1. Let me spell it out: the conditions are (1) more than 17 Å from residue 32 (Cβ to Cβ); (2) exposed (fewer than 14 other Cβ atoms within 10 Å of the Cβ), and residue 99 meets all of them except one. Which number is the exception?
2. Filter the stretch 123-168 for residues that are in a helix (DSSP H, G or I), under 16 Å from residue 241 (Cβ atoms) and under 15 Å from the mean Cα position of the chain (by Cα) and give the result.
3. Of the conditions (1) exposed (fewer than 14 other Cβ atoms within 10 Å of the Cβ); (2) in contact (Cβ under 8 Å) with a residue 60 or more places away in the chain; (3) touching a strand residue (DSSP E or B) at 6+ places or on another chain (Cβ under 8 Å), residue 115 satisfies every one except a single condition; which number is it?
4. If you check residue 199 against the conditions, is it in the same structural domain as residue 230 (by TED's automatic domain parsing), surrounded by 18 or more Cβ atoms within 10 Å (Cβ to Cβ) and in contact with a strand residue (DSSP E or B) (Cβ under 9 Å, 6 or more places away or on another chain)?
5. I'm told residue 272 meets every condition in (1) surrounded by fewer than 19 Cβ atoms within 10 Å (Cβ to Cβ); (2) at pLDDT 95 or above except one. Can you identify the failing condition by its number?
6. Go through the stretch 88-98 residue by residue and tally those that are out of contact with any helix residue (DSSP H, G or I) (no Cβ under 9 Å at 6 or more places or on another chain) and modelled with pLDDT under 90.
7. If you go through the stretch 47-60 one residue at a time, do you hit one that is surrounded by fewer than 17 Cβ atoms within 10 Å (Cβ to Cβ) and over 20 Å from residue 223 (Cβ atoms)?
8. Does the stretch 131-144 contain any residue that is in contact with a helix residue (DSSP H, G or I) (Cβ under 7 Å, 6 or more places away or on another chain), within 22 Å of residue 223 (Cβ to Cβ) and at pLDDT 90 or above?
């Protein structure tokens with residue numbers, strides 16, 4: 001009688017606090033990132049990020065290990081069947097891989113395999129897109145409204161499914177439209193407090209601020225920055241999209257310049273990717289809402305994916321701190 005295959009474990013299973021240390025595991029995971037590095041002794045090693053819809057982890061694969069060649073030759077975005085032992089490093093899951101192999105196409109074609117690999121927004125993507133359209137239609141200024149529509153005519157299909165990042169926040173399918181709609185909701189709630197902010201310009205800026213990411217990123221199962229993303233970045237790519245759409249809509253020069261400025265400054269600081277510092281009421285407003293939702297998106301995902309029983313998450317890079325998971329008693 002053939003020996004039964006071991007049950008596949010998700011990243012959440014591997015991170016479970018009640019699991020036995022050094023236990024063996026088998027998982028099907030997406031190779032999200034792989035970087036070839038050199039140790040102090042001159043030997044090469046791989047820094048690897050693997051993940052599924054429940055989370056991700058990083059680990060080191062040394063050149064003398066049995067999984068090194070398979071992982072190195074697979075390439076980012078590949079789906080691997082990995083075997084190993086659960087280990088930790090500095091409090092983080094960092095398994096030791098003992099075997100890795102590409103998942104054959106016929107197995108990848110099974111619906112449940114892909115569904116288990118691709119993390120999606122917790123809100124329904126189609127409903128988020130419908131809400132986005134309602135926000136666009138609510139813009140009272142005709143040429144601003146047309147500018148938003150012109151951009152979406154060019155990139156709408158990609159925008160609906162794209163992630164908002166490769167790692168930091170809303171880094172999953174439908175993440176970009178989720179992030180944008182959350183910002184639009186916050187915009188509508190906060191506008192009554194700030195009469196100095198033009199409502200239509202602020203809403204148009206929010207709906208368009210990250211549209212360059214539809215060009216910056218490429219890949220289906222694992223997103224990475226493509227050639228244009230590396231050479232130009234989403235701020236410049238978004239500026240180009242918006243300028244073209246504004247000219248087509250015959251938006252007046254003053255509003256065009258102010259809308260472009262929102263795109264160029266929304267990242268907040270040059271070291272965070274902004275081309276310039278925000279210098280209009282609307283640009284300051286959009287930049288602050290963007291920062292708020294990006295950080296709260298990190299919080300929300302950490303709360304969704306944390307193993308049961310943990311008190312704190314691992315340190316979250318974008319927050320520069322671990323996150324307390326325990327809820328307040330009601």
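The values are calculated or read from the model by the stated rules, or taken from the named source; none is laboratory data. Since the model is a prediction, treat every value here as computed from it, not as a measurement. Don't worry about glycine lacking a Cβ; one is built from the backbone with ideal geometry, like all the others, and counts go over all protein chains shown.
1. Just one mismatch for residue 99, condition (2).
2. 158, 159, 160
3. Single failed check for residue 115: (3).
4. In short, no.
5. Every condition holds for residue 272 apart from (2).
6. So the count comes out to 6.
7. The answer is yes; a qualifying residue exists.
8. Within the stretch 131-144 (the criterion being in contact with a helix residue (DSSP H, G or I) (Cβ under 7 Å, 6 or more places away or on another chain), within 22 Å of residue 223 (Cβ to Cβ) and at pLDDT 90 or above), the answer is yes, since at least one residue qualifies.
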